[in-house]
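Participant: For reference, the structure I am asking about is given below.
The values are calculated or read from the model by the stated rules, or taken from the named source; none is laboratory data. Because the structure is predicted, anything quoted here is derived from the model rather than measured. Cβ atoms come from the backbone with ideal geometry, glycine included; neighbour counts cover every protein chain shown.
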């Protein structure tokens, strides 16, 4: 009886774990039970990616692309608003999420929206985003990624196949969202998968580059730890989409995949085939210096932050009286009230960007050209 009880307890524990996390239900991911094209469902969709990164991206579900199980599940139009739905039993106190697009079967990704804090919520929740107005027509991958706030340091990822129809922003029809083009969108943030980049337990990850579309719902953020790769403003010029029946293999050269490097040696994989449309050209990612444990990353001045709690600086900070500066550079300042940081805008004018918290001062790290809010007396290594 004791053996039977132990066996039953183990099975129940495993069943609980299988339903303990979260998954995307809409758009329905590849091999998901929510996907009408799935014939061989993965009932472990709620589990995180492997710690060694061996099933990044998409838990390797992108390998069914080109089969009956890899058909598009949604039809979207550039510049229009859409939403995704996340469901599950344990949200680990939320965390931070991103939604991204891939034009080359998962070899590289462009973030189109970041959600910092309270993502996802317990049970079922929906998150809005805008498909960039210059998204080219064709078939592509849409991914939801999540970094949980509490629990093991993990990365979750579900991927769905979508069809984009329209002119990629050429029509005069009014579009929603920011005017930011795909060329200014950052690469997907990747961590906790054996690539030397990690997140801090108990904190909402503040993405090094969240992109121009951000929902900010956290007052307990922290930058990543370790060596984290990020590419910003990479060269990307979407080519006109080929017709579904075109079948041309010509196009720009593929970029190097922005994938994590597993700790264990793995066999070399062949370069992924291209989806339609032809892949926009991306430059390799550049490394980001190691983040400070108590540092506070500075948001991009072109980022449209949506804050839903507490007080924050105005969306359009007042210009600061000073000389010319280099656009995109950062610095520390004591104006207009207390210690904070500033950024140089496109008009070559310093703009106040934010205030440090209580018992913190702003210090500039010349090694990576960024200001950080740190305790008094802190010295950079």
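Participant: Looking at 24, 45, can you tell me which residue is at pLDDT below 95 and surrounded by 14 or more Cβ atoms within 10 Å (Cβ to Cβ)? Explain how you work it out, then say what you get.
Facilitator: Values: 24 fails: at pLDDT below 95.
Going through 24, 45 in turn, the sole match is 45.
Participant: For region 189-210, check the following and say yes or no: at least one residue is surrounded by 14 or more Cβ atoms within 10 Å (Cβ to Cβ), assigned to a loop (DSSP other than H, G, I, E, B) and modelled with pLDDT under 50. Spell out the reasoning first.
Facilitator: Within region 189-210, the subset surrounded by 14 or more Cβ atoms within 10 Å (Cβ to Cβ) is 189-200, 203-210.
So of that shortlist, the ones also assigned to a loop (DSSP other than H, G, I, E, B) come out as 189-196, 199-200, 203, 206-210.
Right, trim to modelled with pLDDT under 50 and you get none.
There is no residue in region 189-210 that is surrounded by 14 or more Cβ atoms within 10 Å (Cβ to Cβ), assigned to a loop (DSSP other than H, G, I, E, B) and modelled with pLDDT under 50.
Participant: So in region 174-186, with the set limited to residues that are assigned to a loop (DSSP other than H, G, I, E, B) and surrounded by fewer than 23 Cβ atoms within 10 Å (Cβ to Cβ), which one is modelled with the highest pLDDT? Reasoning before the result, please.
Facilitator: We begin by selecting, within region 174-186, every residue assigned to a loop (DSSP other than H, G, I, E, B); these are 174-181, 185-186.
In the following step, the residues that additionally are surrounded by fewer than 23 Cβ atoms within 10 Å (Cβ to Cβ) were identified as 174-181.
Working: 174: 55, 175: 57, 176: 58, 177: 57, 178: 61, 179: 67, 180: 78, 181: 86.
This residue is 181.
Participant: Taking residue 96, is it surrounded by 23 or more Cβ atoms within 10 Å (Cβ to Cβ) and not in a strand (DSSP E or B)? Break it down stepwise before answering.
Facilitator: Values: surrounded by 23 or more Cβ atoms within 10 Å (Cβ to Cβ): yes; not in a strand (DSSP E or B): no.
It is false that residue 96 is surrounded by 23 or more Cβ atoms within 10 Å (Cβ to Cβ) and not in a strand (DSSP E or B).
Participant: For residues in region 58-86 being assigned to a helix (DSSP H, G or I) and free of Cβ contacts under 8 Å to residues at least 12 places away in the same chain, which is nearest to the chain's Cα centre (by Cα)?
Facilitator: 60
Participant: Further question: Would you check if residue 35 is farther than 23 Å from residue 210 by Cβ, assigned by TED's automatic domain parsing to the domain that holds residue 157 and either touching a helix residue (DSSP H, G or I) at 6+ places or on another chain (Cβ under 6 Å) or part of a loop (DSSP other than H, G, I, E, B) (or both)? Give the steps one after another, and end with the answer.
Facilitator: Values: farther than 23 Å from residue 210 by Cβ: yes; assigned by TED's automatic domain parsing to the domain that holds residue 157: yes; either touching a helix residue (DSSP H, G or I) at 6+ places or on another chain (Cβ under 6 Å) or part of a loop (DSSP other than H, G, I, E, B) (or both): yes.
Considered against the rule, which asks whether it is farther than 23 Å from residue 210 by Cβ, assigned by TED's automatic domain parsing to the domain that holds residue 157 and either touching a helix residue (DSSP H, G or I) at 6+ places or on another chain (Cβ under 6 Å) or part of a loop (DSSP other than H, G, I, E, B) (or both), residue 35 comes out as yes.
Participant: What are the residues in region 366-381 that are surrounded by 17 or more Cβ atoms within 10 Å (Cβ to Cβ), at pLDDT 75 or above and either more than 19 Å from residue 220 (Cβ to Cβ) or assigned by TED's automatic domain parsing to the domain that holds residue 226 (or both), if any?
Facilitator: Matches in region 366-381: 371 only.
Participant: Hey, does region 8-17 have a residue that's over 25 Å from residue 206 (Cβ atoms), in contact with a strand residue (DSSP E or B) (Cβ under 6 Å, 6 or more places away or on another chain) and modelled with pLDDT under 95? Let's see the steps before the verdict.
Facilitator: Pass one, region 8-17, residues over 25 Å from residue 206 (Cβ atoms): 8-17.
Next cut, in contact with a strand residue (DSSP E or B) (Cβ under 6 Å, 6 or more places away or on another chain) only: none.
No, every residue in region 8-17 fails to be over 25 Å from residue 206 (Cβ atoms), in contact with a strand residue (DSSP E or B) (Cβ under 6 Å, 6 or more places away or on another chain) and modelled with pLDDT under 95.
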